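Have a look at this one.
The values are calculated or read from the model by the stated rules, or taken from the named source; none is laboratory data. Treat the numbers as computed from the prediction; the structure is a model and nothing was measured. Cβ atoms come from the backbone with ideal geometry, glycine included; neighbour counts cover every protein chain shown.
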Amino acid sequence: MKMSSRAQRWTCLALSLLMSACNKPAPPDAYGNFEAREVVVSAEATGQLKWFTPVEGVKLASGAIVGGVDTTQLDLERAQTVAQRSATEARVTAAGGQVGVYEAQLEVARRTLERTRRLFDQKAATAQQLDQADREYRTLVAQIAAAQAQRQSVVKEVVASTARVAQIHDRINKSRIANPEAGTVLATYAKAGEMIQPGQPLYRIANLDTLILRAYVAEKQLAAVKLGQVVQVHVDQGDGTLLTLPGVVSWVASKAEFTPTPVQTRDERTDLVYAVKVNVVNRNGALKIGMPADMDLTAAPRKT
């Protein structure tokens, strides 16, 4: 039986739609945005910021000295404290010398007391002479104890002065602003010449060599996500093509949450999902913080 022209047209249209549906790319397994582990570097000292080099977009090495707070007063205070410690150490030496003198006199007084006691026993010395020798001996014992106590007190002053010098030295070290880790400066919050306080943010830095894709998977997909798993991350390059990069799952949330507003359609925002973090090497700096991306849980290229 010969098919009518209208039926032929409908048949062709149906076949065309079926072939189009078969060739349609599979939807991604998850959507998300890139983020970085950012560090806000804050001041540890009070004073005028004498110099400050961080500039947005500039890479800094770990441990690099990027700024300094005026340390004039601290330098003067340290010099004064060091001089006071030296004077106190001299007092320790003097106190030790005085103890030595008293100990030498005590030995003489001890022998005198013993001799006087023997003479008294032989009726060759009076009780008054014995009392005088005993009094001199006991006085020197008390003087030695007092001198030793004074020496210990002065020694403690030296220890306190040493601790004070160390504290000032630590404050001077903290006046130098050291970059905590290698990365790129994202923002600066201070300028040279400003007065700063401890805890005041100075700049924000992040390592952009590897970015983190925070994506969200449905509960039914959770069993397919494993730590260390290699996945495929896709980023729209703006010209209709996708940049595909491998990623490694580094974290999986242990608690479900509602789908974030920017990620899914309005109807799906009430669905419960689990957040995952995927580390992606930022080749040639193509990835930016906040850039949207999607991912496939399989390491194989997406089928089209």
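Which one of 80, 84, 73 is in contact with a strand residue (DSSP E or B) (Cβ under 9 Å, 6 or more places away or on another chain), of a type outside the set (A, V, I, L, M) and under 23 Å from residue 170 (Cβ atoms)?
Among 80, 84, 73, only 73 is in contact with a strand residue (DSSP E or B) (Cβ under 9 Å, 6 or more places away or on another chain), of a type outside the set (A, V, I, L, M) and under 23 Å from residue 170 (Cβ atoms).
Can you tell me which of 243, 297, 202 is touching a helix residue (DSSP H, G or I) at 6+ places or on another chain (Cβ under 7 Å) and either within 30 Å of residue 185 (Cβ to Cβ) or modelled with pLDDT of 85 or more (or both)?
After ruling out the rest, the residue left standing is 297.
Out of all the residues in the range 96-108, is one or more over 25 Å from residue 147 (Cα atoms) and surrounded by fewer than 18 Cβ atoms within 10 Å (Cβ to Cβ)? Steps first, please.
Residues of the range 96-108 over 25 Å from residue 147 (Cα atoms): none.
Checked the range 96-108: no residue is over 25 Å from residue 147 (Cα atoms) and surrounded by fewer than 18 Cβ atoms within 10 Å (Cβ to Cβ).
Could you list all residues from the range 108-133 that are within 30 Å of residue 92 (Cα to Cα) and of a type in the set (D, E, K, R)?
Answer for the range 108-133, where residues must be within 30 Å of residue 92 (Cα to Cα) and of a type in the set (D, E, K, R): 110, 111.
Restricting to the range 140-178, and then to whatever is more than 48 Å from the chain's Cα centre (by Cα) and free of Cβ contacts under 8 Å to residues at least 24 places away in the same chain, can you tell me which residue is farthest from residue 42 (Cα to Cα)?
The qualifying residue farthest from residue 42 (Cα to Cα) is 142.
Let me ask something else. What residue, among those in the range 249-287 that are under 25 Å from the mean Cα position of the chain (by Cα) and not in a strand (DSSP E or B), is modelled with the highest pLDDT?
By that ranking, first place goes to 282.
What number of residues within the range 33-84 are within 20 Å of residue 176 (Cβ to Cβ), in a loop (DSSP other than H, G, I, E, B) and not small (Gly, Ala, Ser)?
The qualifying residues number 8.
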